[in-house]
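In what follows, a structure is listed as structure tokens, so that the remarks can point back to it.
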Amino acid sequence: MGTCFFVINLPFYYLGYRQLGLAFIFRTIAAIACLSLLSDLTPRLVGFEHLDPLFASFLGGCLIGVGFIIIFRHGSSLGGINILVLYLQKKHGISAGKVQLAIDSGILLAACFLIPWSAVLYSLLDAFLVNFLMIFNFKSSRYNGFS
């Protein structure tokens, strides 16, 4: 998963470089490399005998939302759609959280035809929490940790 994620993001690096700058892309590549490495290592290091899907969706949504805010505020992203939503917020003032929620909703709508409804509902909770946190906490008027 980690290597595939890194490679899939290659086309987005150019978009980020052209629209958001070289420093942004260096930080983004570093963040994606770390996520890719951790995605490959985590299953070898952490195991769960039982994990309730509702709890996992809630905790995962909150952790991902806070993680996105930290990464975004420090002038970075995790590639792909994140680069697009950051570009739209920076250049056009459109809320990154609202755009991300719209895209996530479209993906989940398509998922309704491919995976069980229960999995879609858990994913919907996760996506709502991620984007709720971004909508209310990632604003240009707040702290930004990059120069």
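What does the C-alpha gyration tensor say about the overall shape of segment 18-93? Classify as rounded when a/c is under 1.5, otherwise prolate if a/b is larger than b/c, or oblate. Note, shape of segment 18-93 comes out oblate. Heavy-atom accessible surface of the chain, averaged per residue, reaches 62 Å², computed with a 1.4 Å probe.
Across segment 112-117, computed HN-Hα scalar couplings (Karplus, 6.51 cos²θ - 1.76 cosθ + 1.60, θ = phi - 60°) run 4, 8, 10, 10, x, 4 Hz from first to last residue, x flagging Gly and Pro.
Karplus-derived 3J(HN,Hα) values for segment 92-98, using 6.51 cos²θ - 1.76 cosθ + 1.60 with θ = phi - 60°, are 10, x, 7, 4, 4, x, 5 Hz; glycine and proline are entered as x. Taking every alpha-carbon pair under 8 Å whose residues sit at least 6 apart, the chain reaches a relative contact order of 31 percent. Using a 1.4 angstrom probe on heavy atoms only, work out the carbon and sulfur share of the accessible area of the chain in %. Accessible surface attributable to carbon and sulfur in the chain totals 73 percent. The distance between label points at residue 56 and residue 114 comes to 1.8 nm (points 7 Å beyond Cα on the Cα→Cβ vector). To the nearest 10 degrees, how steep is helix 53-73 against the longest Cα principal axis of the chain, on a 0 to 90 scale? Result, in degrees: 10.
Pull out a ≥ b ≥ c, the square roots of the eigenvalues of the alpha-carbon gyration tensor of segment 55-117, then state rounded if a/c is under 1.5, prolate if not and a/b is larger than b/c, and oblate in the remaining case.
In terms of gyration-tensor shape, oblate.
Ranking of 103, 25, 94 by solvent-accessible surface, largest first: 94, 103, 25 (1.4 Å probe, protein heavy atoms only, all chains present).
The values are calculated or read from the model by the stated rules, or taken from the named source; none is laboratory data. Source: prediction; values computed, not measured. So basically every Cβ, Gly included, is an ideal-geometry build from the backbone, and we count neighbours across all protein chains shown. Heads up: the accessible areas ignore ligands, DNA and RNA and are worked out on the full protein's heavy atoms, side chains in. Shrake-Rupley method; radii C 1.70, N 1.55, O 1.52, S 1.80 Å.
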